[in-house]
1. Output the residues belonging to segment B:183-230 that are within 15 Å of the chain's Cα centre (by Cα), within 14 Å of chain A (Cβ to nearest Cβ) and not hydrophobic (A, V, I, L, M, F, W, C).
2. Can we say B:VAL219 is within 24 Å of B:ILE175 (Cα to Cα) and not charged (D, E, K, R)?
3. Can you tell me which residue in segment A:129-175 is nearest to the other protein chains (Cβ to nearest Cβ), limited to those that are of a type in the set (Val, Ile, Thr) and surrounded by 18 or more Cβ atoms within 10 Å (Cβ to Cβ)?
4. Hey, can you tell me all the residues within segment B:291-317 that are closer than 14 Å to B:LEU21 by Cβ, within 14 Å of another protein chain (Cβ to nearest Cβ) and touching a Cys at 6+ places or on another chain (Cβ under 7 Å)?
5. Being farther than 18 Å from B:LEU194 by Cα and not assigned by TED's automatic domain parsing to the domain that holds B:GLY7 is the filter here, so list the residues in segment B:293-333 that pass it.
6. Please give the number of the condition B:ALA83 fails out of (1) among the small types (Gly, Ala, Ser); (2) more than 10 Å from chain A (Cβ to nearest Cβ); (3) buried (at least 17 other Cβ atoms within 10 Å of the Cβ); (4) closer than 17 Å to A:LYS81 by Cβ.
7. How do the helices (runs of 4 or more DSSP H) wholly within segment B:227-345 filter down when requiring 2 or more residues that are surrounded by fewer than 19 Cβ atoms within 10 Å (Cβ to Cβ) and modelled with pLDDT under 85: which remain?
Amino acid sequence: MSNQNRLQVAPTVTQLAVIKLRLQGAVRGHALLKKKADALTLRHRAVLKAIVERKTTLGEIMREAHFSWTRARHAGGESVKHAVLDGVERAKVRVRASEENVAGVKIPKFFLRDTGAEQRRMELAGLGRGGARVREARGAFEKAMTLLSELASLQTAFVTLDEAIRTTNRRVNALENYVTPRLQNTVKYILGELDELEREEFFRLKKVQAKKKRDVEQAEREVAEIVADDEALRIASEELRAYDDVVRGEGGRGAGGNLIETEQDEDLLF
Amino acid sequence: MFNRKHGFSEAFVRGCHSKRLSKRDYEELGRCDSLEDVKTYLESISDYSDYLRNVQPPVKPEDIVACCKRRHVKEFNTCQHQASPPLSTFLEYLTYGHMIDNLMLALNGMLHGRSSEEILDKCSPIGLFDSLPSVVISGNVQELYRLVLVDTPLAKYLSGAVSAADLDELNVELIRNVLYKEYLQDFMKFCSTLDLRTNELMKNLLDLEADRHAIRITVNSFGTELSKSVRTTLYTNFGTMHPDGFVRLATCETVDEVKQVLVTYPGFHEVAAKDDAHDVDRGLRILELESCQRVLAEQFNLAAFYAFSKFQENELSNLMWLTECIAQRQKSSLGEGLICIDTHL
């Protein structure tokens, strides 16, 4: 298990430093992303609220606008419809998009821009019939359009934020549940390995020491043995000599004589 | 004398008129909750069933309005085919209004480079004339006039009113109104050649129409770049308010001022008492329809045909309002646009 949930690294001190650095980074990143997710969620909720609000009013306003156009058609007959349709030269309002930055997420924002296109022909549309109504309808639709563009911004913001929140949350979770534990495990593993190594080293040293000691002892023992051998040899030779002497008859000294101090011994005279 | 020539047509028109939707019908229709219900109800009134049979669900407001329109066109065409002079000329005059609209449509289309089929689609069938499609092909006003319009009845209006310089884009609406003014004046002139009673009745109606035209232009030109001098040129040279009322209208700048002008005329007193600006328009329409109603009460005159066409228009706009209200679930505003003059005396 520990093998699965950790990085495949050589358990060295350098690696340990590197991993520790990474772990630190992951923790800090996690905190930051968490903050970002919170900010996004906050914004998301605000947007949602605004959308609901706008949508309820939009229904009303759109209905109003359409009805005011019906009024215009009623007042001006069918011809006014064509007059209006043909009266359009250039779009009076255009939608422009810009970007807004919320916690690093770029949210498109739409707003209407008056192109300032003169509606000269529109001015007089329905002069004979229903012109005032046409202008009213135009006002109503302008209002509706502003609201629509606002709603469009909000709606796209909603979708973008939703996506961003999901990504961020995924990252937060990944950091929290995968990367950080993995790194922690790795650190643990490396530390464990290092400890093991240390213990091994210690043991080895001890072993070496023990061996050395044993060696020394052995050597000493050997030396002692050699010395003992020499002595024995010497004693033996001494004894031989003594025996020789005895053999040669010049001493009644028996074996009970001091065999060791042969040199200083006065010859025994029988 | 009248009956021998126009008796059948008049009877036909009155027959059609008696089949107009009545106040009760509108009340019933107002209770419908969906356009399917409207359709069912209209089908139960035998006249509409022929037209509505082919309407497939889901029913759209345009479908019903289109049916109503087809029916009106058919009525009108039947009438026109029966007619002999002077009724035929009179009926032709009635088509000129639509013709002007069509011409303007074609002009706009020409300026935008639309195809002639597209334009003909939008044109009102009552006001079609043969050379209409070729308006699109002509490049400039002289050509337009020389090649296309010279054969149409509109030529005499156009020559007086429009010069080449006028045909820039702003002026299409102006041309429309100038033509309409010329048309009203010409119609008035024509009516004076008819029999006495017709002339009398038509004078009343056209006076009212001229006043409406002037008032509407005045009200609708507030807040636009239409100068006062140009505004004056759009007023007709007759009308109950002519001339001093028009002079005063020309200087008006708000709806209230218009109302102040209107109050001084007994006929418009009630209209001016309304609060909302749009009520003036509505009030004027009611006035118009009421006088049409009075005209229909009399017999043996041509003005009945005019009144008849006005009632047709009213039915169309009522149906359109009603269906749109139901489709957009705005039934609370139903009364705002419906004008029901009870047709059955």
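The values are calculated or read from the model by the stated rules, or taken from the named source; none is laboratory data. Predicted, not measured: the structure shown is a model, and the values here were computed from it. Here Cβ is always computed from backbone atoms with ideal geometry, including for glycine, and neighbour counts include all displayed protein chains.
1. B:TYR183, B:GLU209, B:ASP211, B:ARG212, B:HIS213, B:ARG216, listed by residue number.
2. Values: within 24 Å of B:ILE175 (Cα to Cα): yes; not charged (D, E, K, R): yes.
The answer is yes for B:VAL219.
3. From segment A:129-175, those of a type in the set (Val, Ile, Thr) are A:134, A:146, A:156, A:159-160, A:165, A:167-168, A:172; that's our starting set.
In the following step, the residues that additionally are surrounded by 18 or more Cβ atoms within 10 Å (Cβ to Cβ) were identified as A:134, A:160, A:165, A:168, A:172.
Working: A:VAL134: 8, A:THR160: 34, A:ILE165: 38, A:THR168: 43, A:VAL172: 48 Å.
Going through the qualifying residues, I end up with A:VAL134.
4. Just the residues of segment B:291-317 that are closer than 14 Å to B:LEU21 by Cβ, to begin with: B:311-317.
Among the residues that remain, those that are also within 14 Å of another protein chain (Cβ to nearest Cβ) are: B:312-317.
Listed by number, the residues that qualify are B:GLU315, B:LEU316.
5. Across segment B:293-333, the qualifying residues are B:GLN293, B:ARG294, B:ALA297.
6. The failed condition is (4).
7. On the way: elements: B:228-234, B:244-250, B:255-263, B:269-273, B:277-296, B:303-327, B:334-337.
It comes to B:228-234, B:244-250, B:255-263, B:269-273, B:277-296, B:334-337.
The rows are residues; the columns are (1) at pLDDT 90 or above; (2) among the aliphatic types (A, V, I, L, M); (3) assigned to a helix (DSSP H, G or I).
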residue: A:ALA132; (1), (2), (3): no, yes, yes
residue: A:MET145; (1), (2), (3): no, yes, yes
residue: A:GLU150; (1), (2), (3): no, no, yes
residue: A:THR168; (1), (2), (3): no, no, yes
residue: A:LEU183; (1), (2), (3): no, yes, yes
residue: A:VAL208; (1), (2), (3): yes, yes, yes
